[in-house]
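Encoded as C-alpha cells, the structure appears first; notes follow it.
The values are calculated or read from the model by the stated rules, or taken from the named source; none is laboratory data. None of the values given here were measured: they were computed from a predicted structure. Cβ placement follows ideal geometry from the backbone for every residue including glycine, while neighbour counts extend to all protein chains displayed.
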Amino acid sequence: MRAWRVALALLAVGLLVSPASAQRRDDQTLRQKEQSLEQTQKQLREERARAAEARKRETSLLSELEAIERTLGGKRRELVVLNGRIRTAQGEIQGLEGEIRRLEAQRAGQQEVLGRRLTAMYKLQAQGGALPLILAGDDPVARAVQLRHLTTLAAVDAQLIREYRGTGERLAERKARVEEHRQELAGLRAKVDEERQAVDREAARRRVLLAKVQEERAYHERMVGELSEAAKRLEALIRELQARQRRVAKLPPTKGGEPPAVGFGRLRGSMPWPTDGRIVGGFGEQVHPRFGTRTFKRGVDIEADDGAGIVAVYAGHVVYTGWFKGYGNLIILDHGHDYYTLYAHAAEIRVKEGDDVRQGQLIGTVGDTGSLAGPRLYFEVRYQGRPQDPAEWLRRRG
C-alpha cells in the first residue's frame, strides 16, 4: 500500500510539472523557428542581391555598345550644332567689325568737317562775333541775307553735331555687340572643348569594350551569340517587310526558285558598288582565327573611309531606316521582284522610310555604328528574303 501511495504521489507531481515544461519547450521551439526564418530571409535577401549584381554584370554587350554609340552620336551632333553656332558668331563679328570700320571712317570725316567749322567759328568770334557782320551795312536787304546765311550755317552745324553724336552712338553699340559675340564665342568654344572631352571618354569606353570582345574568349563568345540572335531578328524583320510589301502590291506568296533576270536581277556581275572601298569580310561561313568560333555572314563588309557616301545600287523604295541592334544605323531598300539590299553601320541616314530613290542616289554615310572593327559598310543582297553573295553581283574592278 505504501508503494502505491508513493507512485500516486509521483504521478500527481508529474502531472503538475509537465504542462509547464511543455510550454517552455514549445516557446524554445518557436524561438528556434523564428531565428531559422530570419536566417532564411537574410539568405534570400543576399541571394537576390547577388542575382541582381550578376544581372548587371551580364548586361548585353550589344546593348552596352548601343548605349555608348547613341551617346557618342548625340555628342557628335551637339558638336556639329555648336560648330555651326561658332561659325554664325564669327560671321556676325566679321560683319559688325566691317560696320565699325565704316562708322569710324564716317566719324573721322565728320570730325574733319566739324573741325573746319569750329575753326571758322573761332575766327568769327575773334573778330567780334556775328553781330558786327549783321550790323555792318546800311542795306536792310543785305542784313536779312546775311542773317539767313548765318542761320543756315547754325542749322547745318547743329545737324553735323547730331550726326556725329549718332555715329558715335552706333559705333559704341556695334562695339558692345562685338564684345557680346566674342564672349558668346568664348563660351561656345569652351562648350565644344567640353563636348570633345565627353566624346573622347565615350570613345575610350567603346575601345575598352571592343578590346575585351577581341581579346577575351568569354566576351567574344557572348558577342557571337548576341550577333547570331541579331541576325535572326533581322531575318524576321525582312520576312515581315517582304510580306507587308506583297500585301500592299496584292501579290501572291513567293514560291522560291532562281532569281529572275529582270529589273534588279539584270545587275548580276555589273552592280555598282554602294561605297568606294574594298571587301574585307566575305559572304558565308567565317571562322575566327584565334578563338575558332564559327559564324555565317549573310553579307559583306566593305572597308571605307569614315563619312564616305553610301549610294543606292539600284532604284528602289525605302522600307526601313533606323537603329537595329547588332547592325547600327540600317537602311533597307525594296527594288521590286522580291529583291532587297541592306546597308548597315551608317554614320548618317540621308533618306526616310517611304522615299523612292534612284540608282546612285546618296542614302547615307559610312560609319562604325554597331561595328566591331571600325568604319565600314555592311552590305547585303537578298532575293525572296534569302541572302545572296554580293561579290557575285558587284561590278569587277580592274
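For the range 261-295: of the residues being hydrophobic (A, V, I, L, M, F, W, C) and modelled with pLDDT of 90 or more, which is farthest from ALA315 (Cα to Cα)?
VAL280
Just checking, does the range 324-337 include any residue being in the same structural domain as PRO260 (by TED's automatic domain parsing), surrounded by fewer than 21 Cβ atoms within 10 Å (Cβ to Cβ) and over 30 Å from the mean Cα position of the chain (by Cα)?
Yes, the range 324-337 contains a residue that is in the same structural domain as PRO260 (by TED's automatic domain parsing), surrounded by fewer than 21 Cβ atoms within 10 Å (Cβ to Cβ) and over 30 Å from the mean Cα position of the chain (by Cα).
Only one of (1) in the same structural domain as GLY265 (by TED's automatic domain parsing); (2) over 30 Å from ALA203 (Cβ atoms) is not met by ILE310, so which one is it?
Here ILE310 clears every test but (2).
If I go through the range 298-330 residue by residue, how many of them are in a strand (DSSP E or B) and aromatic (Phe, Trp, Tyr)?
3
For the range 331-379, give me the residue count where each residue is farther than 18 Å from ARG76 by Cβ, outside any strand (DSSP E or B) and among the acidic types (Asp, Glu).
3
Select, from ARG85, ARG107, the only residue that is in contact with a Phe, Trp or Tyr (Cβ under 8 Å, 6 or more places away or on another chain), assigned to a helix (DSSP H, G or I) and modelled with pLDDT of 85 or more.
Selected residue: ARG107, the only one of ARG85, ARG107 that is in contact with a Phe, Trp or Tyr (Cβ under 8 Å, 6 or more places away or on another chain), assigned to a helix (DSSP H, G or I) and modelled with pLDDT of 85 or more.
Within the range 281-306, which residues are aliphatic (A, V, I, L, M) and closer than 14 Å to LEU394 by Cα?
Within the range 281-306, VAL300, ILE302 meet the criteria.
Tell me, please, whether a residue that is closer than 30 Å to GLU348 by Cβ, modelled with pLDDT of 90 or more and in contact with a Leu (Cβ under 9 Å, 6 or more places away or on another chain) can be found in the range 163-176.
no
Please verify whether the range 220-228 includes one or more residues that are surrounded by fewer than 12 Cβ atoms within 10 Å (Cβ to Cβ) and either at pLDDT 90 or above or part of a helix (DSSP H, G or I) (or both).
Taking every residue of the range 220-228 in turn, none turns out to be surrounded by fewer than 12 Cβ atoms within 10 Å (Cβ to Cβ) and either at pLDDT 90 or above or part of a helix (DSSP H, G or I) (or both).
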